[in-house]
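Let me begin by presenting the structure, written as structure tokens, before commenting on it.
The values are calculated or read from the model by the stated rules, or taken from the named source; none is laboratory data. Predicted model, so just to flag it, every value in this text is computed and none were measured. Cβ: placed from backbone, ideal geometry, glycine included. Neighbour counts: every protein chain shown. These area figures cover heavy atoms from the full protein model, side chains too; ligands, DNA and RNA do not enter into them. Shrake-Rupley method; radii C 1.70, N 1.55, O 1.52, S 1.80 Å.
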Amino acid sequence: MERHEYDVVVIGAGGAGLRAAIEARQQGKRTAIVCKSLFGKAHTVMAEGGAAAAMGNVNPNDNWMVHFRDTMRGGKFLNNWRMAELHAKEAPDRVWELEAWGALFDRTKDGKISQRNFGGHEYPRLAHVGDRTGLEMIRTLQQRVVALQQEDEKLHGDPEAYIKVFAECTITRLLKEGDAIAGAFGYWRETGDFVVFDAPAVVLATGGIGKSFVVTSNSWEYTGDGHALAMLAGANLINMEFIQFHPTGMVWPPSVRGILVTESVRGDGGVLRNSEGRRFMFDYIPDVFKDKYATTEEEADRWYDDQAGNRRPPELLPRDEVARAINSEVKAGRGSPQGGVFLDVSTRLPAAEITRRLPSMHHQFKELADVDITKEPMQVGPTCHYVMGGVEVDADTGAASVPGLFAAGEVSGGMHGSNRLGGNSLSDLLVFGRRAGAGAAAYIDGLARRPAAAAGLVEEARAEALAPLERTGGENPYEVHHELQRTMNDLVGIIRKSEEIGEALQVIEKLKERAKNTASAGSRIYNPGWHLAIDLRNMLLVSEAVAKAALLREESRGGHTRDDYPGMSPEWRRKLLRVTLTPDESGVNVEERVQPSMRSDLISLFERGELEKYLTEEELAEYDAAVKES
Amino acid sequence: MGYKAKFRVWRGEGGEGRLEDFTVEVNEGEVVLDVIHRLQATQTPDLAVRWNCKAGKCGSCSMEINGKPRLGCMTRMSTFEEDETITVTPLRTFPVIKDLVTDVSFNYQKAREVPSFTPPADVKPGEYRMQQIDVERSQEFRKCIECFMCQNVCHVIRDHEENKPNFSGPRYFIRIAELDMHPYDVADRKEPAQDEHGLGYCNITKCCTEVCPEHIKITDNAIIPMKERVVDRKYDPLVWLGSKIFKRQR
Ligand SMILES: Cc1cc2nc3c(=O)[nH]c(=O)nc-3n(C[C@H](O)[C@H](O)[C@H](O)COP(=O)(O)OP(=O)(O)OC[C@H]3O[C@@H](n4cnc5c(N)ncnc54)[C@H](O)[C@@H]3O)c2cc1C
Ligand code: SF4
Ligand code: SF4
Ligand code: FES
């Protein structure tokens, strides 16, 4: 069997994986990047709106503290505050670094990186390139990897001496010796041949889980592999009940349902209307945000030109609020003909401005829906977009609880709490990708001996992967996948209730049995039916984690809305739900953990009046003491 | 609304293959990639195709549809007659791995041959100052989603395998042009474009521009200006020096 030895194996070639690999290589570690798609095609390429970083280029009042506060508010104070702090402090450096590697962001008049408005961000904060920021980011990182390879070619005569991309290669198991990571096992999509990586450190950067839902903005890659691999290796997941339904996905035609309509449409002036022509978001401003959002259309419209003197339009509330509002309007019978609501920018900006600022939205609607967004409104509705939950990591190093395992990007959990703000993912990838790469390098430096994968593990992994090909007459994996997607969408979707989640868990149990009996026809060469059969294990484990955590959390917060527990509870804010694998690997367990209290200098950045909406009396007393001291 | 379409899809691996006929359901608003996915789910689970975003953003789903290079996810079924047979084949210029999936490693190799962005040593991150108008030319080329369809249609490599070592292709001409027009890039780009990347082989047929799904004006905005400037440069090195000094001052 093909075998490679590396210092660090990074699983994933999106923003987080590439930034981690670059860091590991810059610190002198021999690094492999393994990814399921071609190099440069990872999900990050689809990001549109921008990367949030408090550079203060457009509004000089912006700084890390404002960004930190916005992030905590957006996550309803459930965020890992240390991650939110590091993220807010380091994001500007990470964006500037991209520029030094060749990225060309849109500019302000004085030649700096331009920044745009986005939901939940107090000031214009998103560095962007039109509405294709993810492409710019992935290309820049890809080209940085190439630059390092060119350097290595000069120095060592081999461009792949220190950093090599294994594209279209899927990891199905992590390998260990005792408690510690020893490598990873996978297959080449192209040939179906197996490959083993021997490495003391693995960085998971596999992205999200959206492919367990029917209506999603996510691609086939998002089967929750990293989430499942981590659990199978003994690590914990947290916050899995929190899933972000982006308010604006396309609703028509049916085949594109779920494809994203960037929030930049609203950031740049677009408004939401119901079938009666009403800008309904004014009816949905929650109490916790009352003083930050405009209450009249006039004020909201003035805000675009004068942000100091006016409050923000309610279309720019955090995503969970907008998604629920759209859901309610449609349910109340005030939706658009194709089952969404109207998002209109055509009456708000001149046509030329729309095509300049939102070129890919213009293109997408014209090509896929026959809609010219410069002339008519779009129809949009919620779509499963992002998972806040993920591998529980140490904020500073990205280390998971398993020695040698690290995670960064969407697959990690904590940073975004119960709801992520738009633009905070791209910057998260850079900040924590770099930190995980450095964390892995430091871990290796401290090792006395490289662990070696325990005997038998590789053989087991091989047998597990081959099983669907060897069964004959089993079920079609596509059927199992479709049923899982419908179940999660309908029963553990944007609005949840106890009976429905319970029902979903029963279906998942049945699907687990069916998944064990799927058979894939054809050879090992580039066989999507076989690949899907392998992915089902991960999707089912992750879906069970989402459903079980959702059932336990008896409150509504961010990306978790319980019809039977509509309010936010300060008691629940102090609790994190941690998911682990059952000892026989057949399912998952969920347990409550205490959320550590915020450091006093950080909590002092908030006004008491605001904290009263989130914290328990006991925590408020601590706050008073902290403020008094400082 | 739905109807049954006739599809003829290239199937095969290991250097052998044939066109196979299918009859498959099509629903309103669907694109060719949806139909391929329906074939996978209902008739041919092992049919190989690349895709990711399904929205024309990642450049994975390049294929030839009725002989023309297209993105499967952006080709609507409504552009065909209902009784038309739609033929789907892999990109012709690259070796087939299986079915619609080809080996595009040639492109990644060429990417590595273009020297990377080379900023002046004394500019620190955060200090870059550029006007929108000065970055727009390079931004056009950075819209490239690496679908490699321009590489696929360029006759210099499509019809002449032997040119591959000496010719980088339109995708990498725009990469060189992008760096050349970057306000902070200080490397010499023109001479290598001609000598090492084979710009001279291009006879401006514009086939590349015609297939680009991002509507990048590959020939008019990258290749022709570079060819012109290569000529300048060959006659008068001072022109080149002057243009670089001018760039830095902006
Ligand atoms: C349409 C859309 C628009 C968005 N817009 C924005 C935006 O404007 N701003 C913002 O901040 N965020 C945005 N997001 C969110 C953001 O893009 C993602 O959260 C982010 O890109 C995730 O990056 P990542 O590095 O964690 O993973 P990804 O970029 O998804 O990369 C995952 C990688 O892991 C690999 N992988 C997965 N499993 C395996 C396995 N088993 N073996 C080997 N490799 C594997 C994949 O092949 C891939 O290379 C958007 C998301 C979508 C879907
Ligand atoms: S214009 Fe030049 S690069 Fe483009 S297809 Fe024709 S010969 Fe090839
Ligand atoms: S230049 Fe256009 S056709 Fe060529 S690879 Fe890029 S996007 Fe595709
Ligand atoms: S799937 Fe991404 S371009 Fe077609």
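Computed on the stretch B:3-102, with alpha-carbon pairs under 8 angstrom and 6+ residues apart, the relative contact order is 35 percent.
Per-residue ellipticity at 222 nm, computed for chain B from helices alone with -39500 (n - 2.57) per DSSP H run of at least four residues, works out to -9500 deg cm²/dmol. Protection proxy ranking, highest mean first, for peptides A:170-178, A:599-607: A:170-178, A:599-607, where packing is the per-residue count of other beta-carbon atoms within 10 Å, averaged.
The Cα-based radius of gyration and maximum Cα-Cα distance (Dmax) for the stretch B:166-225 are 11.2, 31 Å. Averaged across B:116-128, how many Cβ atoms of other chains sit within 10 Å of each residue's Cβ atom? Going residue by residue through B:116-128 and averaging, the value is 5. Taking all Cα pairs closer than 8 Å and separated by 6 or more residues, the relative contact order of the stretch A:210-305 comes to 16 percent. Once backbone amide H atoms are built at 1.01 Å from N, A:Lys575 has A:Gln595 as its partners under 5 Å, excluding neighbours fewer than 5 places away on the same chain. Expressed as a fraction of 2.2 N^0.38 Å, the C-alpha radius of gyration for chain B is 1.18. Per-residue shielding of B:54-66, expressed as the average number of other chain Cβ atoms within 10 Å of the residue Cβ, stands at 5.
Cross-link reach is defined here as a Cα-Cα straight distance under 17 Å, omitting same-chain residues fewer than 8 places apart; for A:Lys292 the lysines meeting it are A:Lys76, A:Lys613. One equal scatterer on each Cα of the stretch A:372-436, no solvent, Debye formula: the resulting log10 I(q)/I(0) at q = 0.12, 0.14, 0.18 Å⁻¹ is -0.40, -0.49, -0.66.
Between B:Gly169, B:Gly72, B:Gly17, the Gaussian network model of chain B with springs among Cα atoms under 10 angstrom shows the greatest mean-square fluctuation at B:Gly17.
Dividing the convex hull volume of the alpha carbon atoms of the stretch B:105-245 by its residue count gives 116 Å³ per residue. Distant-in-sequence amide contacts of A:Leu421, defined by a placed amide H-H separation under 5 Å and a gap of 5 or more residues or a different chain, comprise nothing. What residue among B:Cys202, B:Cys73, B:Cys53 shows peak mean-square fluctuation when chain B is described by a Gaussian network model with Cα springs under 10 Å? For chain B, modelled as a Gaussian network with Cα springs under 10 Å, the answer is B:Cys53. Counting only DSSP H runs of at least 4 residues, each contributing -39500 (n - 2.57), and dividing by the residue count of chain A, the helix-based mean residue ellipticity at 222 nm comes to -11500 deg cm²/dmol. Mean sequence separation of contacting Cα pairs (under 8 Å, at least six apart), scaled by the length of the stretch B:105-245, corresponds to a relative contact order of 27 percent.
Residues in the stretch B:13-25 carry Karplus couplings, in order, of 8, x, x, 10, x, 7, 7, 10, 9, 9, 10, 9, 5 Hz; the curve used is 6.51 cos²θ - 1.76 cosθ + 1.60 with θ = phi - 60°, and Gly or Pro positions show x.
When the Gaussian network model of chain B links Cα atoms closer than 10 Å, the mean-square fluctuations of B:Asp46, B:Asp34, B:Asp21 top out at B:Asp46.
Pairing chains B and A buries close to 5200 square angstrom of accessible surface in total, based on protein heavy atoms and a 1.4 angstrom probe. For the stretch A:244-385, the share of alpha carbon pairs falling in successive 5 Å distance bins from zero is 2, 11, 21, 24, 22, 14, 6, 2, 0 percent.
When the pairs A:Lys36/B:Lys217; A:Lys331/A:Lys366; A:Lys366/B:Lys54 are compared against a 20 Å limit on Cα-Cα distance, A:Lys36/B:Lys217; A:Lys331/A:Lys366 fall above it. Packing order of peptides A:414-422, A:225-233, A:610-618, A:86-94, highest average first: A:414-422, A:225-233, A:86-94, A:610-618 (average count of other Cβ atoms within 10 Å over each peptide's residues).
In this structure the stretch B:105-245 gives 43 Å² per residue of accessible area when probed at 1.4 Å with all protein chains present. Taken as Cα centroids, the stretch B:151-186 and the stretch A:227-282 sit 38 Å apart, rounded to the nearest whole angstrom. Derived value for the stretch A:1-105: Kirkwood hydrodynamic radius 16.1 Å. Basis is the mean of 1/r over every pair of different alpha-carbon atoms. Please compute, for peptide A:361-371, the average count of beta-carbon atoms on other protein chains lying within 10 Å of each residue's beta-carbon. Partner-chain Cβ atoms within 10 Å, mean over residues of A:361-371: 3. Within the same chain, lysines fewer than 8 places from A:Lys510 are excluded, and of the rest, those with a Cα less than 26 Å from its Cα are A:Lys211, A:Lys497, A:Lys548. Which of rounded, prolate, oblate describes chain A, given a ≥ b ≥ c as roots of the alpha-carbon gyration tensor eigenvalues and a/c under 1.5 marking rounded, otherwise prolate only if a/b is larger than b/c? Rounded is the answer for chain A, as its axis ratio a/c remains below 1.5.
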